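Let me begin by presenting the structure, written as structure tokens, before commenting on it.
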Amino acid sequence: MGNGYAGKILKVDLTTRQIEEIPTSKYEEWGGGHGMGSAVFWDLCEDKTVTGDDPKNVMTIMGSPVSGTLVPGASGRTEVQAIGLLGYPHPWYTRGNFGGRFSVHLKYAGWDGIAIVGKADAPVWINIVDDKVTLEDATDLMDMDTWKTQELIWDDVRGSQSDWSAVGGSRDGGRSTQLPAVLTCGPKAGTCGPLTALIHDAGNAVGNAGFGGVFYSKNLKAVSVLGTGGVEVADTAGLIETRKWSAAYAWTGNAEDPTPVTGSWQQGASPGQAAGHLGGTVAMGDLRANACAACPRSCKVRSSSGFGNESMCVEALLNLSLDYATNGAPTDATPRVADMSNRYGLNAYQLSAIRDWIKALIKKDVIGPGKQIDTQLPIDKMGSVEFWEALSMAIIDQTDIGPDLSMGLVQAAEKWGRLPEDLADGSLPLAYWGYTHHYDPRTEAEWGWGSILGDRDINEHDFNFTCYWTTSNWALLGVTPPITAERMAEIISKKMGPYSDPMNVDYSDEGIYSEAFAKTVAWHRHYTRFYKQSIGLCDWYWADFVNPYGPDFEGITPEGEQKFLNAVTGGGLSYEDGLEVGRRIWNLDRAIWIMQGRHRDMEVFPEYIYDSVGVKAATPYVMPAFVDGNWIYKDVNDRGIDRDKAEEFKTRFYTLEGWDVETGWPTRSTLEELDLGYVADKLEEIGKLGAA
Amino acid sequence: MTPLDAPTREDALRFSRVAEPQFPAVRMLASAGNVELTLGSVASIEAFLTPMTAEENLSRRMTGFINYVDFKSLEQWVRETIGDSDLADSLLAVVDRGDVFGVMLPDVKQLLTERLSQYKAALELDPGEEAPSDHV
């Protein structure tokens, strides 16, 4: 009987070209994914203060026990972590993940994850075919785009068998029908590190953090993996039964479902149905559903036009606003620009910030030929493929303003003498640590708190789908909510485990600074660190708070998480146990950030987020709020973050976490309670252990 | 809704133009956040507005979207920037009902669609033909 783990982690030392195995059992207590990756990073990265492009930086690419199994919305997620290249004032040790089939092949090849250390003396790509791991010459690949790179690696692994991939030497057992799963950086990713992503297949991206540049800095172009084995789980029948049980929670579970209740429920699935192309942006030919491995949701599509395949997130919107402004409606420029960001391995979120910043700079009349920001880019043609191609090539080839942008946008603003003004008025839309403004910290407070208390734009939609998107839809489209705000608050608070509080989702002007909201943020940090980022539950599927198919509108969380995980591992982990592992991971990560220089004083938003500036969110934000003794759905759009109250909130949060409220550093007792005494020793050694 | 008086050819040309300052709008998309954009003409705003029921929209789950504009601001923009006071008056009548966005949306869309038809008729354009937009 298996437990979902393959049993070994691959360690590749690019400097010495040594291939080693690390027993997974050494790290199983962390679950997998991010937790395991952080623990491996802690052990292997000798100097955690190095920059992301230093050979001493360690990158881990991790699956989880559920990778390659039938756990829905989880099987195909892969977690990546390292010290990043994107960020201000400091690129933190950070993470990202992507969907597709990489983690599946990794498990089928017999590996729970990969740890990459050192730097190769010449360009390489890592070729994993089951147990066989080799470093291949990547000299000719380094300047190639991500799609061409994958095609060449596929051909290389196929060998002489044009339709098959080579997995061994025998005539009958030496080939596979599967294409290897490849993760690669874009062309010349080392020149524009903070703006780079890693890409797998057409459109699965580790977008943020600049991990493409980290690859490149190690002289590593790609990792390819082809596996022909399987995953042994503890309770196969139990896993199948759990999957069937979970299907009962699936809104629009099949094409005939009349969707009787309106909502944006997480567990909804549409097996076989193609989602709207590019989020309904533009229909480009016939569509076919596309999903990550073992996922019934099929969020993505492929189109007969070949444009925009697998593009579902921000890259799908990159050119949309410009398309409207230029052409009055979406054109094929929008999916072609989405493809461009994937093909060049550029981070679409940073590109979207560049887009909005250039638009603002044009209004301020400071960018253009001969102006303060002197550029020959065709900024009069924003919205066209021509503009994006020119911008991308300026970044990749380091021409025009490309070298400045490639330093990072905050750094470019500093060089251009525009930082104070543009960051303060929101022209440069970077809401947390130099990451692009995503959902608004002023309204969706848990998004903002989680990001600024962490390492990046959290990009976690647990509350967003239910408490903002669903409720705002109801309000904007004139729907009578199927449940009251009071019932929504009640359901969600029931699912918060030890952080349960009746006021957990009070998004009122006072509520977002409350003790109860600090518990909400703590739950979110701990839940996602374990269940999403270490076990791999997809952010677009989990958590499931409110669900019209559940009993009395109660979603599948937390029963679903436990049933699936324990069916795979055979363990008896409780929901609360998982949250506690998440808390442990969160504290380990925080210790790494502290070693990098983190202090309470740094955990602040840019000026435009605070109420002194008055730049407000542009749309209604209807969320549950407790006002004058009643729960209501309230538009909370018209507010900024109060600086004094934000500081009070941080004190509440630090206290809840067991951190020194003066510094934000964990205390020894907190770390020892989490069996992280060795981490406390290290922080004490460098004089950064929180005062008791 | 009472049909508006047909504009003169001269007015239709003026009302059809791409104007500055452009009008702010927001593409609300569950999967990727909200994208602010600007629209420069009545035609582009009409194309942007996408009436749908909540059921239709939410059945898309993460791919659901709302193309949002503030109708009160739209009325002011049409009056002050475009200069089509007849259309602005009709928009104001819808806004003054005090309905939520989704209830007003089909009526606003219809108003704009019909007004665009009047522009095209005045300009002697075929229904599918674009009005010239590079003139004031």
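Could you please give the count of residues in segment B:75-122 that are away from every other protein chain (no Cβ under 14 Å), in contact with a strand residue (DSSP E or B) (Cβ under 8 Å, 6 or more places away or on another chain) and either within 24 Å of A:T471 (Cβ to Cβ) or surrounded by fewer than 19 Cβ atoms within 10 Å (Cβ to Cβ) (or both)?
Counting residues in segment B:75-122 that are away from every other protein chain (no Cβ under 14 Å), in contact with a strand residue (DSSP E or B) (Cβ under 8 Å, 6 or more places away or on another chain) and either within 24 Å of A:T471 (Cβ to Cβ) or surrounded by fewer than 19 Cβ atoms within 10 Å (Cβ to Cβ) (or both) gives 1.
Quick one: is A:R343 within 24 Å of B:S44 (Cα to Cα), touching a helix residue (DSSP H, G or I) at 6+ places or on another chain (Cβ under 7 Å) and touching a residue at least 12 places away in the same chain (Cβ under 8 Å)?
No.
Please find, among A:G658, A:G690, the residue that is closer than 13 Å to A:R600 by Cα, buried (at least 17 other Cβ atoms within 10 Å of the Cβ) and free of Cβ contacts under 8 Å to residues at least 40 places away in the same chain.
A:G690
Take segment A:526-564 and flag every residue that is among the polar types (S, T, N, Q) and not in a helix (DSSP H, G or I).
Passing the criteria: A:Q533, A:S534, A:N547, A:T557.
What pairs come up if the first residue lies in segment B:44-58 and is at the interface with chain A (Cβ under 7 Å from one of its Cβ atoms), the second is in a loop (DSSP other than H, G, I, E, B) and surrounded by fewer than 19 Cβ atoms within 10 Å (Cβ to Cβ), and their beta carbons are under 6 Å apart, counting only those six or more places apart or on different chains?
Between residues of segment B:44-58 that are at the interface with chain A (Cβ under 7 Å from one of its Cβ atoms) and residues that are in a loop (DSSP other than H, G, I, E, B) and surrounded by fewer than 19 Cβ atoms within 10 Å (Cβ to Cβ), the close pairs are B:A47/A:A329; B:E55/A:T259.
Just checking, does segment A:523-545 include any residue being surrounded by 24 or more Cβ atoms within 10 Å (Cβ to Cβ), modelled with pLDDT of 95 or more, closer than 30 Å to A:V104 by Cβ and aliphatic (A, V, I, L, M)?
There is at least one residue in segment A:523-545 that is surrounded by 24 or more Cβ atoms within 10 Å (Cβ to Cβ), modelled with pLDDT of 95 or more, closer than 30 Å to A:V104 by Cβ and aliphatic (A, V, I, L, M).
Would you check which residues across segment A:1-60 are closer than 16 Å to A:D589 by Cα, among the acidic types (D, E) and touching a residue at least 60 places away in the same chain (Cβ under 8 Å) and list them?
Answer for segment A:1-60, where residues must be closer than 16 Å to A:D589 by Cα, among the acidic types (D, E) and touching a residue at least 60 places away in the same chain (Cβ under 8 Å): just A:E29.
Within segment A:187-212, which residues are closer than 20 Å to A:G306 by Cα and part of a loop (DSSP other than H, G, I, E, B)?
Within segment A:187-212, A:D201, A:A202, A:G203 meet the criteria.
Go through segment A:662-687 and give me each residue that's in contact (Cβ under 8 Å) with a residue 40 or more places away in the chain and surrounded by fewer than 16 Cβ atoms within 10 Å (Cβ to Cβ).
Of everything in segment A:662-687, those that are in contact (Cβ under 8 Å) with a residue 40 or more places away in the chain and surrounded by fewer than 16 Cβ atoms within 10 Å (Cβ to Cβ) turn out to be A:E662, A:D675, A:I686.
What is the number of the single condition among (1) at pLDDT 95 or above; (2) among the β-branched types (V, I, T); (3) more than 22 Å from B:E10 (Cα to Cα) that B:I82 does not meet?
Condition not satisfied by B:I82: (3).
Based on this model, can you work out whether A:L152 counts as closer than 30 Å to A:G35 by Cβ and assigned by TED's automatic domain parsing to the domain that holds A:V66?
no
So, in segment B:41-60, exactly how many residues are assigned to a loop (DSSP other than H, G, I, E, B) and either under 16 Å from B:F101 (Cβ atoms) or at pLDDT 90 or above (or both)?
Final tally of qualifying residues: 6.
Let me confirm something: among A:T139, A:T94, A:T149, which residue is closer than 30 Å to A:E414 by Cα and of a type in the set (V, I, T)?
Within the list A:T139, A:T94, A:T149, the selection yields A:T94.
Quick test for you: out of B:V18, B:V94, B:V78, B:V108, pick the one residue that is β-branched (V, I, T) and part of a loop (DSSP other than H, G, I, E, B).
B:V18
I want to confirm something. Restricting to segment A:624-653 and keeping residues that are of a type outside the set (D, E, K, R) and within 14 Å of chain B (Cβ to nearest Cβ), which single residue is surrounded by the fewest Cβ atoms within 10 Å (Cβ to Cβ)?
A:N637
Got a sec? Which of A:P482, A:P502 is out of contact with any Leu (no Cβ under 7 Å at 6 or more places or on another chain) and either within 14 Å of another protein chain (Cβ to nearest Cβ) or not in a loop (DSSP other than H, G, I, E, B) (or both)?
Being out of contact with any Leu (no Cβ under 7 Å at 6 or more places or on another chain) and either within 14 Å of another protein chain (Cβ to nearest Cβ) or not in a loop (DSSP other than H, G, I, E, B) (or both) holds for just one of A:P482, A:P502, which is A:P482.
Inside segment A:448-465, can you point out the residues that are part of a helix (DSSP H, G or I), farther than 17 Å from A:A516 by Cβ and either in contact with a helix residue (DSSP H, G or I) (Cβ under 8 Å, 6 or more places away or on another chain) or among the β-branched types (V, I, T) (or both)?
A:I452, A:N464, A:F465
Exactly one condition in (1) assigned to a loop (DSSP other than H, G, I, E, B); (2) under 30 Å from A:E561 (Cβ atoms) is not met by A:L106; state its number.
Among (1) assigned to a loop (DSSP other than H, G, I, E, B); (2) under 30 Å from A:E561 (Cβ atoms), A:L106 violates only (1).
Quick one: count up the residues across segment A:98-114 that are touching a helix residue (DSSP H, G or I) at 6+ places or on another chain (Cβ under 8 Å) and surrounded by fewer than 24 Cβ atoms within 10 Å (Cβ to Cβ).
Matching residues across segment A:98-114 total 0.
Restricting to segment B:12-40, give me the number of residues that are among the hydroxyl-bearing types (S, T, Y) and more than 7 Å from every other protein chain (Cβ to nearest Cβ).
Here the count works out to 1.
For the list (1) surrounded by 18 or more Cβ atoms within 10 Å (Cβ to Cβ); (2) polar (S, T, N, Q); (3) over 28 Å from A:A475 (Cβ atoms), I need the number of the one condition that B:S44 fails.
(3)
In the set A:W147, A:W164, which member is more than 24 Å from A:N57 (Cα to Cα) and modelled with pLDDT under 95?
Going through A:W147, A:W164 in turn, the sole match is A:W164.
Test A:T94 against the criterion of being in a loop (DSSP other than H, G, I, E, B) and crowded, with 24+ Cβ neighbours inside 10 Å, and give yes or no.
no
Of all the residues that make up segment B:1-17, how many are surrounded by fewer than 23 Cβ atoms within 10 Å (Cβ to Cβ), in contact with a Ser or Thr (Cβ under 9 Å, 6 or more places away or on another chain) and either among the small types (G, A, S) or at pLDDT 90 or above (or both)?
Total meeting the criteria: 1.
I'm trying to understand the selection: among the residues of segment A:115-129, which are of a type outside the set (A, V, I, L, M, F, W, C) and touching a helix residue (DSSP H, G or I) at 6+ places or on another chain (Cβ under 8 Å)?
Of everything in segment A:115-129, those that are of a type outside the set (A, V, I, L, M, F, W, C) and touching a helix residue (DSSP H, G or I) at 6+ places or on another chain (Cβ under 8 Å) turn out to be A:K119, A:N127.
Going through segment A:300-333 one residue at a time, which ones are touching a His at 6+ places or on another chain (Cβ under 7 Å), crowded, with 24+ Cβ neighbours inside 10 Å and part of a strand (DSSP E or B)?
Across segment A:300-333, the qualifying residue is only A:V301.
How about segment A:209-232: which of its residues are of a type in the set (V, I, T) and surrounded by fewer than 24 Cβ atoms within 10 Å (Cβ to Cβ)?
Within segment A:209-232, A:T228, A:V231 meet the criteria.
Cβ-Cβ under 9 Å, sequence separation 6+ or interchain: first residue in segment A:302-331 and at pLDDT 80 or above, partner assigned to a helix (DSSP H, G or I) and of a type in the set (F, W, Y). Which pairs?
Listed by first residue and then by second, the contacts come to A:C313/A:Y349; A:V314/A:Y349; A:E315/A:Y349; A:L318/A:W388; A:N319/A:F387; A:N319/A:W388; A:L322/A:F387; A:L322/A:W388.
The values are calculated or read from the model by the stated rules, or taken from the named source; none is laboratory data. Since we're looking at a predicted model, the values are computed, not measured. No Cβ is skipped: glycine too gets one built from the backbone with ideal geometry, and neighbour counts run over all protein chains shown.
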